[in-house]
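To start, the structure itself, in structure tokens.
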Amino acid sequence: MPYRRQAEALVRQLEIAPFLDALEAEAPGSVDPDIWAAIVEQAARFAEGVIDPVDAALDRQGASLRDGRVVTADGHRAAWRRFADDGWLTLALPEAAGGQGLPLALLTACEELFNHASPAFTMLATPNRTAAAMLENVADPTTRAAWVPQLLSGEWTATICISEPDAGSDVGRIRTRASRGEGGIWRVNGEKCWISYGDHDLAARIGHCMLARSSDAIGVRGLSLFLVPNARDDGAPNGVHVRRIEEKLGLHGSPTCVMGFDGAEATLIGEEGRGLQTLFHMMLLMRLSCAPQGVGVAEAALATAIGYARDRRQGGDPAAPPVAITAHADVQRQLLRMAGRVEIARGIALAAAVVMDLGERCTDDEARAGWLALAQFLLPIAKDHSARLAFDVASEALQVLGGAGYTKEWPVERRLRDARVFAVFEGTTGIQAIDLLHRRLWRERGEGIKRFIALARADVPNGEDGAPLHAVLNRLEEVAQVLSGWHERTRDAESGATAFLDLCGLAVGGWIATRLITHAGDDAVGRRIRAAARFFLAELEPRAEVEARLATLGSARLDAIGDYLD
Ligand SMILES: Cc1cc2nc3c(=O)[nH]c(=O)nc-3n(C[C@H](O)[C@H](O)[C@H](O)COP(=O)(O)OP(=O)(O)OC[C@H]3O[C@@H](n4cnc5c(N)ncnc54)[C@H](O)[C@@H]3O)c2cc1C
């Protein structure tokens, strides 16, 4: 039942997602709601029947290190094999690369269902699929032929291998060293940490998509991208070792590894010294996948809260039997607030995916640049909004369950633990917010923001339903103008960067909510979506007002930090 409700909402939102006309014009035949609906329903059945049943074991057993190798939980391997054999890794890859050539929006919808079932499980698919896409674009023909089919079959897997003890958010401080030795062979030496699925027993070979320092140039200019396999072509070990796996709050089924590289043979991918730029495509796709990850986990928590609230009886006339807690205004508020945020985050994720598709498929250079600018604006919002949403909704769902929510008898505490890291990996909230300010607003002169505001104004008339959105778009425009002028006042602007990110999120959310009210339809699914969107819209202006004021408050309130830290 929860998966059916989620699939119905996804199918409806896919049908009415923004810019589908433009996508169909760019790639005729790519928009096919009937096929999309059939695939989403299949994904829902797969999530419920195959992934969901192993999530509890993944959480309870986690992964362990035995004799220098990571051993995964019972059932993990069989579920992964079925996932790969059923073709879920190939959905949005071009047909020329062995993929199914379907749009990213459809993949995003399916990923939301898989993450509902288990984010720890789904986390292995993302680097696999995105590494295959990246290698297909930039690797030499031999590497491409060796790796892409194996990654898409799930026989081999990939990681994204960036972080180090002294290089987290600050990628330019990476120290792992790559040098070219005898026979022109590259070898890497160093330590990487936090590597998701850095080692495991689910695949025969693991390729690390690694940023390493190949010259003495300072910062990111000295970094190149390498593919570093854990085993050589003949199966011999390649100097890649798991040093530790982290004991974490959540996501226990996804092993987070400290990896040592001791003279490991590596293949240079793309141009030397342009590692970050080469990895960019994979990183963008991974960031997009963070959006359905957050929405999927939030949806799972919300579904539990709805089911529980319908059954749980408390309060009402003491002389009569107690009423279901759904009768209380405060519980109604909590349920609708969760539902509104989930529905809107879903819409933002799908919109970002359509815009990414347009950025990739559009043939006109100027139009493509416009779509890419819009994608760059929407992506951090889609990523961070969903990340924080997942934790907030899990927490609110726990509240609806009362004491029961705090126990392991209900899966809500698991969602809460799993979700907390979403706002940390793939760029913390703070880094996303600062990126929005420095790159999008200052360096690119707010191109994506302006484009979004113009498109939203043109898309939604300033009538009764559109009024809150137009008010918030005006606010966003004013705040963006103020912050644009604070280029020299970096500390002032950065102290409000997260509030600015939130204001942008509310404006994009307001646009999606207004569209949903207009287009979602009047059947049971449409009424459910519209109820959630109406609640979101009702609170939009006061919430935007708070963020707008915080975004431009300046940094004076931070001046006493020295006294506090002393
Ligand atoms: C479960 C898990 C899985 C992960 N998987 C992978 C993986 O597969 N591959 C991989 O390469 N990495 C992975 N990571 C690492 C992850 O990407 C990093 O944790 C993240 O980038 C943050 O780096 P850090 O932990 O070093 O925090 P830090 O960079 O030390 O940041 C600490 C705090 O300071 C803030 N901060 C830092 N710099 C600035 C700044 N310039 N301005 C303002 N604020 C700043 C941050 O926002 C944050 O709040 C994973 C992490 C976890 C926990």
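Side notes on the structure shown:
- Meets criteria (more than 24 Å from W511 (Cα to Cα), away from the ligand (no atom under 16 Å from the Cβ) and either surrounded by fewer than 23 Cβ atoms within 10 Å (Cβ to Cβ) or modelled with pLDDT of 95 or more (or both)) for R368: no
- Total residues in region 241-273, condition out of contact with any strand residue (DSSP E or B) (no Cβ under 7 Å at 6 or more places or on another chain) and surrounded by fewer than 19 Cβ atoms within 10 Å (Cβ to Cβ): 3
- Residue in region 174-193 that is more than 29 Å from V421 (Cβ to Cβ), in contact with an Asp or Glu (Cβ under 9 Å, 6 or more places away or on another chain), more than 16 Å from the ligand (Cβ to nearest atom) and not charged (D, E, K, R) present: yes
- Scanning region 198-211 finds one or more residues that are touching a His at 6+ places or on another chain (Cβ under 7 Å) and modelled with pLDDT of 95 or more.
- Hey, G235 farther than 20 Å from R173 by Cα and surrounded by fewer than 22 Cβ atoms within 10 Å (Cβ to Cβ) or not: yes
- Condition check for L102: assigned to a loop (DSSP other than H, G, I, E, B) and either farther than 17 Å from I269 by Cα or within 16 Å of the ligand (Cβ to nearest atom) (or both): yes
- Near pairs, Cβ below 9 angstrom, 6+ apart or cross-chain, from region 125-137 (more than 18 Å from R81 (Cα to Cα) and in a helix (DSSP H, G or I)) to any residue that is among the polar types (S, T, N, Q) and more than 16 Å from the ligand (Cβ to nearest atom): L135/T143
- Among the residues of region 406-448, those that are assigned to a helix (DSSP H, G or I), within 11 Å of the ligand (Cβ to nearest atom) and within 18 Å of A382 (Cβ to Cβ) comprise V421, F422, A423, T429, G430, I431, Q432, A433, I434, D435, L437.
- Taking region 464-518 as the range and being surrounded by fewer than 22 Cβ atoms within 10 Å (Cβ to Cβ), at pLDDT 95 or above, part of a loop (DSSP other than H, G, I, E, B) and not aromatic (F, W, Y) as the test, the residues that pass are G485, R489.
- Among the conditions (1) free of Cβ contacts under 8 Å to residues at least 40 places away in the same chain; (2) crowded, with 17+ Cβ neighbours inside 10 Å, A533 misses just one, which is (1).
- Close pairs from region 418-435: first touching a residue at least 12 places away in the same chain (Cβ under 8 Å), partner near the ligand (Cβ under 9 Å from one of its atoms) and among the β-branched types (V, I, T), Cβ under 6 Å, at least 6 apart: A423/T429
- Complete set of residues in region 144-166 that are part of a loop (DSSP other than H, G, I, E, B), among the acidic types (D, E) and touching a residue at least 24 places away in the same chain (Cβ under 8 Å): E155
- Cross-chain or 6+ apart pairs with Cβ under 7 Å, region 458-469 first and under 18 Å from F19 (Cβ atoms), then modelled with pLDDT under 95: V460/G466; L469/V460
- Across region 133-173, the qualifying residues are those that are hydrophobic (A, V, I, L, M, F, W, C) and closer than 25 Å to T428 by Cα, and the one among them that is farthest from the ligand (Cβ to nearest atom) is A133.
- Residue check, A373 in contact (Cβ under 8 Å) with a residue 40 or more places away in the chain, over 29 Å from A120 (Cβ atoms) and over 13 Å from the mean Cα position of the chain (by Cα): yes
Yes or no, residue by residue, for (1) crowded, with 16+ Cβ neighbours inside 10 Å; (2) of a type in the set (G, A, S):
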position: F280; (1), (2): no, no
position: P321; (1), (2): no, no
position: A339; (1), (2): yes, yes
position: D357; (1), (2): yes, no
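- Taking (1) in contact with a strand residue (DSSP E or B) (Cβ under 7 Å, 6 or more places away or on another chain); (2) under 21 Å from A132 (Cα atoms); (3) within 15 Å of the ligand (Cβ to nearest atom); (4) not polar (S, T, N, Q) in turn, A231 satisfies each apart from (3).
- Among the criteria (1) out of contact with any Asp or Glu (no Cβ under 9 Å at 6 or more places or on another chain); (2) closer than 30 Å to A57 by Cα, the one G260 does not fulfil is (1).
- Among the residues of region 53-79, the ones that are in a strand (DSSP E or B) and touching a residue at least 12 places away in the same chain (Cβ under 8 Å) come to 5 in all.
- Verdict on R457 being surrounded by fewer than 22 Cβ atoms within 10 Å (Cβ to Cβ), part of a helix (DSSP H, G or I) and either at pLDDT 95 or above or within 16 Å of the ligand (Cβ to nearest atom) (or both): yes
The values are calculated or read from the model by the stated rules, or taken from the named source; none is laboratory data. Please read these numbers as outputs of a predicted model, since none were measured by experiment. Heads up, the Cβs are rebuilt from the backbone with ideal geometry, glycines too, and the neighbour counts pull from every protein chain shown.
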